[in-house]
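Read the structure below first, then the notes.
The values are calculated or read from the model by the stated rules, or taken from the named source; none is laboratory data. Everything numeric here is computed off the predicted structure, so don't read it as measured data. In this analysis, Cβ positions are derived from the backbone assuming ideal geometry, glycine residues included, and neighbour counts consider all displayed protein chains.
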2 protein chains.
Amino acid sequence: MAHNGSTQPVRIGLVGLGTVGSGVVRILVDSADHITRHAGRPIEVAAAVVRDPAKERDCTLPAIPISTDIGTISRDPSITLAALLVGGLEPARSMMVELLESGKDVVTANKALLAEHGPELFELARRLGRSIAFEAAVAGGIPIVAAIGECLAANRIESIRGILNGTSNFILTRMEEDGSSYAEALALAQAKGFAEADPSMDVDGTDATQKLAILSHLAFGDWVPWKEIPRTGIDTVDIDLIRYAAELGYRIRLVAVARRSNGRLAMRVAPALVKIGTPLAETRGAYNAVSIVGDAVGRMFFHGLGAGQMPTASAVVADIIDTVVGRTAITFRTTGLLSADTPAAKLAGVDASERHFLRIVVTDRPGVLARITGILGDHGISIASVIQHDPIATGAAAAAASVPPDVALVIMTHLCPSSAVHEALLSIDRCDAVRGKSVCLGVLDE
Amino acid sequence: MAHNGSTQPVRIGLVGLGTVGSGVVRILVDSADHITRHAGRPIEVAAAVVRDPAKERDCTLPAIPISTDIGTISRDPSITLAALLVGGLEPARSMMVELLESGKDVVTANKALLAEHGPELFELARRLGRSIAFEAAVAGGIPIVAAIGECLAANRIESIRGILNGTSNFILTRMEEDGSSYAEALALAQAKGFAEADPSMDVDGTDATQKLAILSHLAFGDWVPWKEIPRTGIDTVDIDLIRYAAELGYRIRLVAVARRSNGRLAMRVAPALVKIGTPLAETRGAYNAVSIVGDAVGRMFFHGLGAGQMPTASAVVADIIDTVVGRTAITFRTTGLLSADTPAAKLAGVDASERHFLRIVVTDRPGVLARITGILGDHGISIASVIQHDPIATGAAAAAASVPPDVALVIMTHLCPSSAVHEALLSIDRCDAVRGKSVCLGVLDE
């Protein structure tokens, strides 16, 4: 839908009037004059499709038909653009297909849908001469999709590093600042509306991984199915890890990384230690951050609210304006996004030479430290520092029985290949004195 | 020039083959395949206009005519786009007029030209159906023009705060990290190529002020002639000020501020204290940073290299691609940039209630502190902290003569109106005991 000089209102349909949908209505209504100036013509919500029309909304709705039937929008030829603001895969996927097939351009915030069905949906849109805009799908209000797809187009991107899940970041920040447990911080996130009733997609890293898959495609051209990206969530992080990291001058963040390395793409979503004072470490609460290195521009850093009603609605409305004025159609056509000739992904393991942070819980008896550091040495891993803390409280019973207490060994390595560390840990975790599975986190010093 | 499906190369002209121009050639040549993919067709440098054709260039030039005559480009109908990469006002202005009048779209990095002649040049381009793109004119590689003009279009911008001059920031960072004097740090900046032989436009705040005028127009719609913006450069900052600030937990940055306040725009470029740990304080060396608050998106922060050959060239090439594919034409038409109906600026004084940092040099004799704090109290200014340092060395002669030594009083106020502080300082500077003009800097705590 290109801007054709008309000043007639553009009629749009909203699918979903939840948090984000209500925010979009608020911007379109409250800032109508401002939006009209930027779009060159008024933008008018003409119809909405929701699951439960009786539900109360967080916005003052214009007098429009509200229905449960997507046909209210798809069959209305006066509606040329639809904002698909529902989560999940179905019925979102079928609705997007129906909207595209009925000639609507689509704006969406649904990153799961794009990460899962991106190639087929983009191909369909292209075949039909329609566009899909999705700034709001990644990092909320941060214009990272435009930055990579348009603003940094002169650059070959070397790496992307980001904090892409606001819920996880909120929980980690609360743990480090309040000393709360993971469970307490999660409960607070839920009480404040930052986490869903079922937060598993946030805390197990799924959400961040889906976003990374989308950003990597924009940046590198490759399409990597999100399930193939190595992923660890913050549900593996406990308060002791956060304390040990702080002692060493670090914080723990859920970091999504993608980087070109010898013609292959290395990707990972996992908790990592980030040095206090660096931008990722200073990203707190529900904020998101993305750091991109391009061959011409060097390192660029973006920071902003990555979720929440109005930041996400801000991105959706920017996409609506871009679609109305015709910029989206151009970008969608020229970036070759997810086209049939998208290169098959050649995902490399992240085998960076980096520093590693290890926590190994052992029974406190003579010779254990020598045994463990010996194994690390055998794998060519050199140790930068070791912290051994007071014995872990194991209960009165254990103390009374004079069982040797458990202690945590915290080891920071020098630069070494991740593969060597993982092999060493396999041996270490087989030692009699080692209790449970050891923890290994990457360390980002800049 | 809209993308019309042709895959014929686009022929462009370069005006200026200095640092930035050479960088543009390097990207277009070295990343030709990458650029072709983003632009939908090859981009070919067809001609260059320079001051001295015999000069050696920092790039491998394709076999093209290199001339001193702008007509080589303006009279070639096969060239549809020109990148104007020379600084200063003339002949840059006449060349841009000639390029537009001969039907070329123009991409430029010349912020002085736009800050001085923006309204007439934009009006001319609009009348002729041409476009001017200028991402590279502000904050180098940071895509701040696109961010404000397009990505944050759904927002009413509340404020912009930025470090927009890399040379000044390099000098301040060297002073604070090396303890060098202003003159030493400036000499180093010149040796490293961060500062021009004549650095006055950088260090007196002119460059940052011109960039602020452009950003403010994009963000607020008002056009404020840059000379009307209150401006203080870093040439007023000495190493003692930086040390006192550090003692209080702050760094000094040249901060450009524009903010809406009661329907008026308050703007300022001046050195300010920024709290250590906040993003502006962590912006070091030749980096630039911009923080924007939008009513929907909240606070967004961008950080990247604000100058230098390749970051600036990255922005120029992004604009070239945007112009080739047709995005620039749309944006230029819809944002109403600097149109004839641009509101006349209603510039308010920056009379924020903020904390102020004062340095008052006094003759060390009884009653002086009481007199000065009394004057502040009379103006309703409450003091948060005072540092009085050892007497300033005034030379052996003065010591021998037993003249009372000079001491610096450093005062941090609580929140108070700038106007009250400035009035109080007028009285203070009239006191007998006060030596020279006192320094007053704003304090940014977040």
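In table form, for the structure just shown:
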{"quantity": "Residue list for the range A:161-180, restricted to those being away from chain B (no Cβ under 14 Å), assigned to a helix (DSSP H, G or I) and touching a strand residue (DSSP E or B) at 6+ places or on another chain (Cβ under 8 Å)", "calculated": "A:168, A:169, A:172, A:176"}
{"quantity": "One residue from A:219, A:213, A:183, A:187 being outside any loop (DSSP other than H, G, I, E, B), within 14 Å of chain B (Cβ to nearest Cβ) and modelled with pLDDT of 90 or more", "calculated": "A:219"}
{"quantity": "Positions within the range B:367-381 being outside any helix (DSSP H, G or I) and touching a helix residue (DSSP H, G or I) at 6+ places or on another chain (Cβ under 9 Å), in sequence order", "calculated": "B:379, B:380, B:381"}
{"quantity": "Filtered residue count, the range A:1-21, keeping only those that are touching a helix residue (DSSP H, G or I) at 6+ places or on another chain (Cβ under 7 Å) and either at pLDDT 95 or above or assigned to a helix (DSSP H, G or I) (or both)", "calculated": "7"}
{"quantity": "Failed criterion for residue B:73 (all others in (1) of a type in the set (A, V, I, L, M, F, W, C); (2) in contact with a Gly (Cβ under 7 Å, 6 or more places away or on another chain); (3) under 19 Å from residue B:202 (Cα atoms) hold)", "calculated": "(3)"}
{"quantity": "Qualifying residue in the range B:61-71 (condition: away from every other protein chain (no Cβ under 14 Å), assigned to a strand (DSSP E or B), free of Cβ contacts under 8 Å to residues at least 40 places away in the same chain and touching a strand residue (DSSP E or B) at 6+ places or on another chain (Cβ under 8 Å))", "calculated": "yes"}
{"quantity": "Complete set of residues in the range A:274-290 that are within 16 Å of residue A:148 (Cα to Cα) and at the interface with chain B (Cβ under 9 Å from one of its Cβ atoms)", "calculated": "A:289"}
{"quantity": "Failed item, numbered, when residue A:337 is tested on (1) more than 7 Å from chain B (Cβ to nearest Cβ); (2) surrounded by fewer than 22 Cβ atoms within 10 Å (Cβ to Cβ); (3) at pLDDT below 90", "calculated": "(2)"}
{"quantity": "Condition met for residue A:63 (modelled with pLDDT under 95 and buried (at least 19 other Cβ atoms within 10 Å of the Cβ))", "calculated": "no"}
{"quantity": "Residue A:259 being farther than 18 Å from residue A:142 by Cα and at pLDDT 95 or above", "calculated": "no"}
{"quantity": "The range B:125-147 - residue that is more than 16 Å from the chain's Cα centre (by Cα) and not in a helix (DSSP H, G or I) and, of those, farthest from residue B:93 (Cα to Cα)", "calculated": "B:129"}
{"quantity": "Residues (within 14 Å of chain A (Cβ to nearest Cβ), farther than 24 Å from residue B:203 by Cα and not polar (S, T, N, Q)) located in the range B:127-147", "calculated": "B:129, B:133, B:146, B:147"}
{"quantity": "Among (1) in a helix (DSSP H, G or I); (2) more than 30 Å from residue B:296 (Cβ to Cβ), the one test that residue B:81 misses", "calculated": "(1)"}
{"quantity": "Positions within the range A:250-273 being of a type in the set (Gly, Ala, Ser) and either within 14 Å of another protein chain (Cβ to nearest Cβ) or under 21 Å from residue A:205 (Cα atoms) (or both), in sequence order", "calculated": "A:256, A:258, A:266, A:270, A:272"}
{"quantity": "Residue tally, condition within 9 Å of another protein chain (Cβ to nearest Cβ) and within 17 Å of the chain's Cα centre (by Cα), over the range B:293-308", "calculated": "6"}
{"quantity": "Members of the range A:222-244 found to be touching a helix residue (DSSP H, G or I) at 6+ places or on another chain (Cβ under 7 Å), of a type outside the set (Lys, Arg), more than 14 Å from residue A:439 (Cα to Cα) and not in a loop (DSSP other than H, G, I, E, B), listed by number", "calculated": "A:223, A:226"}
{"quantity": "Meets criteria (closer than 20 Å to residue B:196 by Cβ and either of a type in the set (A, V, I, L, M, F, W, C) or buried (at least 16 other Cβ atoms within 10 Å of the Cβ) (or both)) for residue B:80", "calculated": "no"}
{"quantity": "Looking only at the range B:309-333, and only at residues there that are touching a helix residue (DSSP H, G or I) at 6+ places or on another chain (Cβ under 6 Å) and more than 16 Å from residue B:81 (Cβ to Cβ), the one that is nearest to the other protein chains (Cβ to nearest Cβ)", "calculated": "B:310"}
{"quantity": "Enumeration of residues in the range B:261-277 that are in contact with a strand residue (DSSP E or B) (Cβ under 9 Å, 6 or more places away or on another chain), surrounded by fewer than 18 Cβ atoms within 10 Å (Cβ to Cβ) and closer than 18 Å to residue B:243 by Cα", "calculated": "B:275, B:276"}
{"quantity": "Within the range B:13-57, considering residues that are over 30 Å from the mean Cα position of the chain (by Cα) and more than 12 Å from chain A (Cβ to nearest Cβ), the one nearest to residue A:149 (Cα to Cα)", "calculated": "B:42"}
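Residue-by-condition table, conditions (1) basic (Lys, Arg); (2) without any contact (Cβ under 8 Å) to a residue 24 or more places away in the chain:
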position: A:41; (1), (2): yes, no
position: A:91; (1), (2): no, yes
position: A:95; (1), (2): no, no
position: A:104; (1), (2): yes, no
position: A:114; (1), (2): no, no
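Quick grid of which residues meet (1) part of a loop (DSSP other than H, G, I, E, B); (2) among the β-branched types (Val, Ile, Thr); (3) in contact with a helix residue (DSSP H, G or I) (Cβ under 6 Å, 6 or more places away or on another chain); (4) within 14 Å of chain A (Cβ to nearest Cβ):
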{"residue": "B:87", "(1), (2), (3), (4)": "yes, no, no, no"}
{"residue": "B:103", "(1), (2), (3), (4)": "yes, no, no, no"}
{"residue": "B:113", "(1), (2), (3), (4)": "no, no, yes, no"}
{"residue": "B:123", "(1), (2), (3), (4)": "no, no, no, no"}
{"residue": "B:149", "(1), (2), (3), (4)": "no, no, yes, yes"}
{"residue": "B:153", "(1), (2), (3), (4)": "yes, no, yes, yes"}
{"residue": "B:159", "(1), (2), (3), (4)": "no, no, no, no"}
